[in-house]
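Worksheet for the structure shown next.
The values are calculated or read from the model by the stated rules, or taken from the named source; none is laboratory data. As the structure is a computational prediction, the values presented were derived from the model and not from experiment. No Cβ is skipped: glycine too gets one built from the backbone with ideal geometry, and neighbour counts run over all protein chains shown. In case anyone asks, the SASA skips ligands and DNA or RNA and just uses the protein heavy atoms, side chains included. Shrake-Rupley method; radii C 1.70, N 1.55, O 1.52, S 1.80 Å.
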Amino acid sequence: MISDVRPAVDGGRYPVKRVVGDPVTVEADLLVDGHDRLAGALLYRLRGEPAWREVPLEPVENDRWRAMFVPDAIGAWEVAVTGWVDGYATWAHGLRRKLEANQDVELELEGGAALFAAAAARAGRGQASDRLMTLAVALRTPGDARARAGAALAGDAASLMRAHPDRGAATVQEPPLPLTVDPPLAAFSAWYEMFPRSSGAEGKHGTLRDAEARLDDIADMGFDVVYLPPIHPIGRTHRKGRDNSLVAQPSDPGSPWAIGGAEGGHKSVHPQLGTVEDVRHLAAAARARGLELALDIAFQTSPDHPYVKEHPEWFVHRADGSVQFAENPPKRYEDIYPFDFAGPAWESLWNELRSVFLHWIAQGVRVFRVDNPHTKPIPFWHWCIQSIKADHPEVIFLAEAFTRPKLMAVLAKAGFSQSYTYFTWRTSKWELTEYIRSIVDTDVKEYFRPNFWPNTPDILPEHLQYGGRAMFITRAALAATLSSSWGIYGPAFELMEHVARPGSEEYASNEKYQLRAWDQSSRDSLRPIIKRLNQIRRENPALERVTGTSFHRTDNEMLICYSRRSADGDSRLLVVVNLDPHNTQSGWLDLDLYALGIGADEGFQAHDLIGDGRYLWRGARNFVSLDPRAMPAQIFRLRRHMRTETSFEYYL
């Protein structure tokens, strides 16, 4: 019997996630009645391959078995476990027991001869078959029983028998477990969000071609993805004005999320931004600089969207026959119409919405940030994403869902490659520690990939409003080192925009509703710090995956300390952050040296990768002091202290 196969998400209902080149370690319980010995194999294949690849399972303890493989291609994979009674191992165990007890073993040798002869038949023609038959004959040839048994129990004989087992009665786990293997960007990425319409000169409406001028700067800061809010025509009916006012002035550009107008809908480009050809050009220009272009997909419309007239059956209608606009009482969004995903015309709607993704994929876009996916049916996302990735496994989907934890988890299970998180509002040491542990220390890590954002166009959290420069650096350092993926709403973050509409967590003069002119040459810009953080990320494999995070005790609640360690243990970072943006905080670290792979009394070097200071530490207790006016965070690369026979000391 095969049971408790892991990793599995909801018993195999949803796929486990990995990226190409990452090891996949599978464990299972193999059980059999009586005293028979078992053997097994891990089966794996890219979906559609006719034959399974396999690797032997190795026993761990207490009927637990384990094996590992490395997927070599992106796409949908299948994983299964098979097990069988190992006739040779069972026979060999019994034979040894009888030999130890000086019992007669002639019948056992005859039985062994039959096992070897059967294995020779399975081996076919060749040296292996000939050797197995020679052993079978030797077991039946009269002579010293111990000598005959010894030859059959020798290492070469055992290897041949393991190579040609009798798997005629093998148990195979059914159905196989699904595995999604994504490109590395799905697990390790840095995102930069910008509004292309604010890239024009002298406050004029910018174009996609104007936005290309920022690509070199974004790439130089070390980002992997440049993300644009919706680029489609914007409706005029009930258009919102500056700062979300209900009345728009003729010059107000409107919210990009009020999608659709006379110029077109989700497959069109706002005329002032450019054309579909410009999207292709921007995607290619970004890729030439090591960037991927990400587009925002928001499945909602303005009242002016062509869908409203052409397909009224795709919308909810109120009792008076009018189309239902979006509401979250007491809030009203008259400029936005939601779709009726569960209405009578759901099938044609679903197919049309999927075609929106396919349209932009055809233009060279491989990454999508999806707006508010938690307000649409989970079955839609599961069907849509899986069907797209069947033909385009390279595509990455980021779920922008700040909602209930279990709903966020289900979206990840349904196929989203990455997910926004609650990091934005986690500020204390306890909150940050518990939140990260809920991701990395549970089975959530098998399918949920967090993407940490200190800010978004929708969210200017209170701590950024009042924390000053130190708080911006603190939140960037936390996001960049606690998660393998992070992002910022660009110019607003690097230029430390901190003024909110009174009583809200939303930017004043919000770029969602107006053009903004950003002074990229400002000497106060956080650009050098952001660039250094991304450089540290790229140079240290410990930060490439969310797993391998351990928290370490401090005697000061304003100091948080954690380490990141790569799967092979070769890359180790220790991060200490002062959570108080106004005051110097000092304290003692109590390091978990085992988690760091360092001996109890072993010397090691802590190299601060931001300030370039180097410190020689020994043992678990070490002192730190961080002045937020200078730098509120330290990211240490740890090197073990080595001493050679010639007393030459060095670190590695």
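Summary table
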{"read-out": "Solvent-accessible surface ranking, highest first, for Lys376, Lys531 at 1.4 angstrom", "value": "Lys531, Lys376"}
{"read-out": "Helix-only mean residue ellipticity at 222 nm for the chain, each DSSP H run of n ≥ 4 adding -39500 (n - 2.57), per residue, nearest 500", "value": "-8500 deg cm²/dmol"}
{"read-out": "Largest-first ordering by accessible area, 1.4 Å probe, given options His35, His311, His317, His270", "value": "His35, His317, His311, His270"}
{"read-out": "Antiparallel %, DSSP beta bridges [both residues in the chain], to 5", "value": "70 percent"}
{"read-out": "Whole-number percent relative contact order across segment 497-614, with pairs defined as alpha carbons under 8 Å at least 6 apart", "value": "16 percent"}
{"read-out": "21 Å Cα-Cα threshold exceeded, pairs from Lys413/Lys531; Lys389/Lys413; Lys240/Lys512; Lys413/Lys445; Lys267/Lys406", "value": "Lys413/Lys531; Lys267/Lys406"}
{"read-out": "Arg639 accessible area, 1.4 Å probe, all protein chains in place, Å² to nearest 10", "value": "60 Å²"}
{"read-out": "Alpha carbon Rg of segment 394-437, scaled by the compact-globule rule 2.2 N^0.38 Å", "value": "1.27"}
{"read-out": "The chain - Rg and Dmax from Cα coordinates, angstrom", "value": "30.7, 106"}
{"read-out": "Where Thr474, Thr554 fall by accessible area, highest first, once all protein chains stay in place (1.4 Å)", "value": "Thr554, Thr474"}
{"read-out": "Gyration tensor (alpha-carbon) shape descriptor, segment 341-382, a/c threshold 1.5", "value": "oblate"}
{"read-out": "Cα convex hull of segment 532-631, projected area averaged across orientations, nm²", "value": "6.3 nm²"}
{"read-out": "Rounded to 5, the percent of DSSP beta bridges in segment 326-458 classed as antiparallel", "value": "25 percent"}
{"read-out": "Difference of contour (0.36 nm per residue) and Cα-Cα distance, Gln386 to Trp52", "value": "118.0 nm"}
{"read-out": "About the Cα centre, charge dipole magnitude for the chain (Lys/Arg +1, Asp/Glu -1 at Cβ), debye", "value": "560 debye"}
{"read-out": "Percent RCO, i.e. relative contact order, over the chain, from Cα pairs under 8 Å lying at least 6 residues apart", "value": "10 percent"}
{"read-out": "In Å², nearest 10: area of Thr134 left accessible to a 1.4 Å probe", "value": "80 Å²"}
{"read-out": "Heavy atoms of Glu212 accessible to a 1.4 Å probe, total area in Å² rounded to 10", "value": "30 Å²"}
{"read-out": "Charge sum, other residues only, whose C-beta stays under 12 Å from Arg637's C-beta, Lys/Arg counted +1 and Asp/Glu -1", "value": "+2"}
{"read-out": "Selection from Thr584, Leu478, Ala283 lying farthest towards where the dipole of the chain points positive, charges on Cβ", "value": "Thr584"}
{"read-out": "Compactness index (Cα Rg / 2.2 N^0.38 Å), segment 315-423", "value": "1.15"}
{"read-out": "Quarter of the Cα convex hull surface for segment 46-119, i.e. its orientation-mean projected area (nm²)", "value": "7.6 nm²"}
